[in-house]
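Right, one structure below, let's go through it.
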Amino acid sequence: MNLILLGPPGAGKGTQARRLEDTRGLVQLSTGDMLRALVASGSPLGQQAKDIMAAGKLVPDELVIEMISQRIDQPDVKNGFILDGFPRTVAQAEALDKMLADKGLKLNHVIEMKVDDAALVERITGRYTCAKCGKGYHDTFEKPKVDGVCDQCGGTEFKRRADDNAETVTTRLDQYHQQTAPILPYYASRGVLKGVDGMADIDVVTEQIAAILG
Ligand code: AP5
Ligand code: MG
Ligand code: ZN
């Protein structure tokens, strides 16, 4: 099964994608995570992406399209994938269609996570992840069971994203409304678009997605 989780920054795409990896054996393909790895590698391309991401703007379509195309060809993706943060422009959505047709793959569901802009700043500024295993947490909404210790791996170091500040979030939200929201009608017209209430509790959102996937 192949699906897209669509929604603004902080909607919960990453949170739900990781749960689907655990429960369904699907692979999370997050262009944001791939780009952060590219930035961390220190390559010239990474350096270029770093400044764009820190400003909350979108990196060039060609770069993310190529990253996704190469990643989908890897053997671990054969049971299906969850696209998280891609496509983000109409050009990316069109490139994805072509790519999937070329590779003989099908898109089963596009799930829009609907959230109020006002809630997103708090979600994003409170977010952090385990430095060792990458498990996501939140200062208020998803704390580790033992303070300062990762539930999953026991790690005690955590990190926050460079773009997770109130100022950059505003730009990221603007980019979502201007560039990404226009792809919703694109999928609605193909009959694959479903919606979940991203304002509900994390477990409730998980249940809503499960009901769609069957
Ligand atoms: P990316 O990494 O994709 O970031 P994003 O889209 O801004 O989304 P986030 O990761 O911030 O949010 P999320 O929906 O995953 O929420 P999460 O589950 O963490 O992109 C970063 C940058 O990379 C972009 O700005 C751009 O520059 C570049 N980029 C990436 N892809 C690109 C592309 N295709 N084209 C061009 N440029 C691209 O949840 C957030 C927090 O809320 C967490 O702490 C979580 O615990 C909590 N939470 C989650 N769900 C709930 C809930 N239901 N209730 C309460 N709290 C919740
Ligand atoms: Mg994410
Ligand atoms: Zn951990």
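The values are calculated or read from the model by the stated rules, or taken from the named source; none is laboratory data. The shown structure was predicted, so the numbers you read here are calculated from the model rather than taken from an experiment. Backbone-built Cβ (ideal geometry, glycine too); neighbour counts: all protein chains shown. When the accessible area is computed, the model is the full protein with side chains, heavy atoms only, and any ligands, DNA or RNA have been set aside. Shrake-Rupley method; radii C 1.70, N 1.55, O 1.52, S 1.80 Å.
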*Sites residue 165 and residue 117, calculated FRET efficiency, Cβ-Cβ separation with R0 22 Å, nearest 0.05*: 0.85
*Note, ³J(HN,Hα) from phi for the range 20-35, Karplus 6.51, -1.76, 1.60, rounded to Hz, x at Gly and Pro*: 5, 4, 5, 8, 10, x, 8, 10, 6, 10, 9, 5, x, 4, 4, 5
*Sort all Cα-Cα distances of the range 55-116 into consecutive 10 angstrom bins from zero, then give the percent of pairs in each bin up to the one containing the longest distance.*
17, 54, 25, 4
*Surface per residue (accessible, 1.4 Å probe) for the chain, Å²*: 50
*For residue 194, list the aspartates and glutamates whose Cα falls under 15 Å from its own Cα; do not include residues on the same chain fewer than 8 positions away.*
112, 207
*the range 138-177: chymotrypsin sites (Phe, Trp or Tyr not before Pro) in DSSP coil with no more than 14 other Cβ atoms inside 10 Å*: 141
_Students often get this wrong, so check it: of 135/159; 57/143; 78/106, which have C-alpha atoms separated by over 18 Å?_
57/143
*What part of the accessible area of the range 61-214, given as a whole %, is carbon or sulfur when the probe is 1.4 angstrom?*
50
*For the range 1-110, what Kirkwood radius comes out of the mean inverse Cα-Cα distance, in Å?*
14.4
*Can you list the HN-Hα couplings for the range 75-87, worked out from phi with the Karplus curve (6.51, -1.76, 1.60; θ = phi - 60°), rounded to whole Hz and with x for Gly and Pro?*
x, 5, 8, 5, 7, x, 9, 10, 7, 10, x, 8, x
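To one decimal place, what orientation-averaged projected area in nm² is obtained for the convex hull of the Cα set of the chain? It would help to have the intermediate numbers written out before the result.
Values: hull surface 45.9 nm².
About 11.5 nm², averaged over all directions.
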*residue 195's amide H: which non-local residues (gap 5+, or another chain) put their own amide H closer than 5 Å, with H modeled 1.01 Å from N in plane and none for Pro or chain starts?*
112
*For n ≥ 4 DSSP H runs only, could you compute -39500 (n - 2.57) per run for the chain, divide by its residues and tell me the 222 nm figure to the nearest 500?*
-13500 deg cm²/dmol
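If you take the square roots of the eigenvalues of the alpha-carbon gyration tensor of the range 112-214 and sort them as a ≥ b ≥ c, do you get rounded (a/c under 1.5), prolate (a/b over b/c) or oblate?
Details: a/c = 2.44, a/b = 1.48, b/c = 1.65.
Oblate shape, in that a/c is at least 1.5 and b/c is the bigger or equal ratio.
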*Amide proton proximity set for residue 88, modelled H, under 5 Å, gap of 5+*: 93
*Measuring from label point to label point, each 7 Å out along Cα→Cβ, what is the residue 106 to residue 1 span in nm?*
1.4
